[in-house]
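K.L.:
Below you'll find the structure I mean.
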Amino acid sequence: MQKNFNIQIIILVTCFGILINSCQNNNDSDQIEIRNHYSVQGPEILQNGISVNFRGVNVLQTFGLVEYDIMNQWNVEILREFIGNLREQPVDGNAIQGSDGIWYHPLKTIVENNRASNKITILCPFGWVNTNGEQILFTGLNPRSQVFYEDYKSKMRELAFQFKDQPDVWIEVWNEPYNWNNENNYSHQLWLSDMRDMVNNLRMVEGFENIIIVPGNEQGQSENTILTKGNELLEDNYNIVFDIHAYEKWLLNSSREDIVSRIENIRANGYSVIFGEIGVENESGIMPVDHFLEAANLTSSTVLAWVWNKNSEDNNALLTDEGLPNASQQNNYWGTTFKQFMAN
């Protein structure tokens, strides 16, 4: 289900004050210092061979680079980077202005800044902007049915080539695919076919051994297709982590015990999973989150909040305009709730 936020407002708020010429390259590839190696073994994510889990946030740095001081105070460890204009997104070089009139920072700069602050980066395509400047968000779409699919694959290979041999950069193949009620000719076999194609597209880049993130079905909220077809995807693939998004289908009409049971069932079947998004507001309105975060604590799950943004008017934004936790009765005190979760 598409999140209840206005992309254009987020872009305008985040882009305010952007410095067009600030994105010069800082380091050559031979200067990269990788501190940690990440891999997947069964249900475990390994850092230098040791099982780990992380807590983090979704960020909008393609529109404007963040300051890390507040992030470090919150103990943010992993960042999922929103790529809303995959076609024109600069990978290296300087900031560019897209067909939509928005200025975009290069991914190389974002990754290097994240690494300097000791944070893992997940690069995730959220949308495509055509030559008319019109944005098509990926959420709810069948990937291979899109007219830009082959161009999408070419751009994703460009990302894989740029960040190969950099294991602290993970790439997610698609944000929230397929209809949230399994309509539009969805089947688990379609999911398997699409995911194989998108994963193989990245692996065909020589030297790309990085972790690949694969979403569930029902716009990312369901683990059913993972439990049904995930083993077939893993038969000829490696370093795969599955991504589930915790909105209505996890937060409503559920208990802490229900969520613990679902997470444990996924892992018992041998699948490594993260919760790439959780927020308090979606199409159904404001939702409870405490029981989910308690379950995540009990199961040592990797969880990333939606969204790290200074916007007092956005219930899902973790920060106010002033950079304080965005917390009020109106948004179930989301900012302080997730900050406390990060501190546990």
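K.L.:
Divide, for the chain, the radius of gyration over alpha carbons by 2.2 N^0.38 Å, where N is the residue count.
P.N.:
Values: Rg = 18.6 Å, N = 344, 2.2 N^0.38 = 20.2 Å.
With N residues counted in the chain, Rg over 2.2 N^0.38 Å equals 0.92.
K.L.:
Let me ask you something else. By a straight-distance test (C-alpha under 25 Å), which lysines pair with LYS339 as possible cross-link partners, with residues fewer than eight away in the same chain excluded?
P.N.:
The reachable lysines, counting only those whose Cα sits under 25 Å from LYS339, are LYS3, LYS119, LYS249, LYS310.
K.L.:
A follow-up question, please. Give the share of C-alpha pairs in each 5 angstrom bin for the stretch 71-124, from 0 to the last occupied bin, in whole percents, shortest bins first.
P.N.:
4, 19, 27, 21, 14, 10, 3, 0
K.L.:
Follow-up. Send over the Kirkwood Rh of the stretch 244-338, from the inverse of the averaged 1/r over different Cα pairs, rounded to one decimal Å. Mind showing how you got there, number by number?
P.N.:
On the way: mean 1/r = 0.0732 Å⁻¹.
Kirkwood radius, the stretch 244-338: 13.7 Å.
K.L.:
In whole Hz, with x marking every Gly and Pro, tabulate ³J(HN,Hα) for the stretch 229-245 from phi via Karplus 6.51 cos²θ - 1.76 cosθ + 1.60, θ = phi - 60°.
P.N.:
Karplus values, whole Hz, x for Gly and Pro: 10, x, 5, 5, 5, 7, 4, 10, 9, 8, 6, 10, 10, 8, 10, 10, 10.
K.L.:
Something else now. Where the centroid of each part is defined by its Cα atoms, how far is the stretch 71-111 from the stretch 236-256 in Å?
P.N.:
25
K.L.:
Something else now. Report the net charge of residues surrounding ARG87, where surrounding means a beta-carbon distance below 14 angstrom and charges are Lys +1, Arg +1, Asp -1, Glu -1.
P.N.:
Net charge in that neighbourhood comes out at -3.
K.L.:
Quick check on the exposure proxy: order ILE50, ILE244 from fewest to most C-beta atoms within 10 angstrom.
P.N.:
Values: ILE50 9, ILE244 26.
Ordered from fewest to most neighbouring Cβ atoms within 10 Å, ILE50, ILE244 come out as ILE50, ILE244.
K.L.:
Shifting gears a bit: Once you charge only the Cβ atoms, +1 for Lys and Arg and -1 for Asp and Glu, what is the size of the charge dipole of the stretch 7-343 about its Cα centre, to the nearest 20 debye? Intermediate results must be reported in sequence, preceding the final value.
P.N.:
On the way: 21 positive and 44 negative charges, 48 e Å.
Dipole about the Cα centre, nearest 20: 240 debye.
No value in this document is a laboratory result; all are computed from the given coordinates. Just so you know, these numbers come straight off a predicted model, no measurement behind them. FYI the Cβ positions are ideal-geometry reconstructions off the backbone, even for glycines, and counts take in every protein chain you see.
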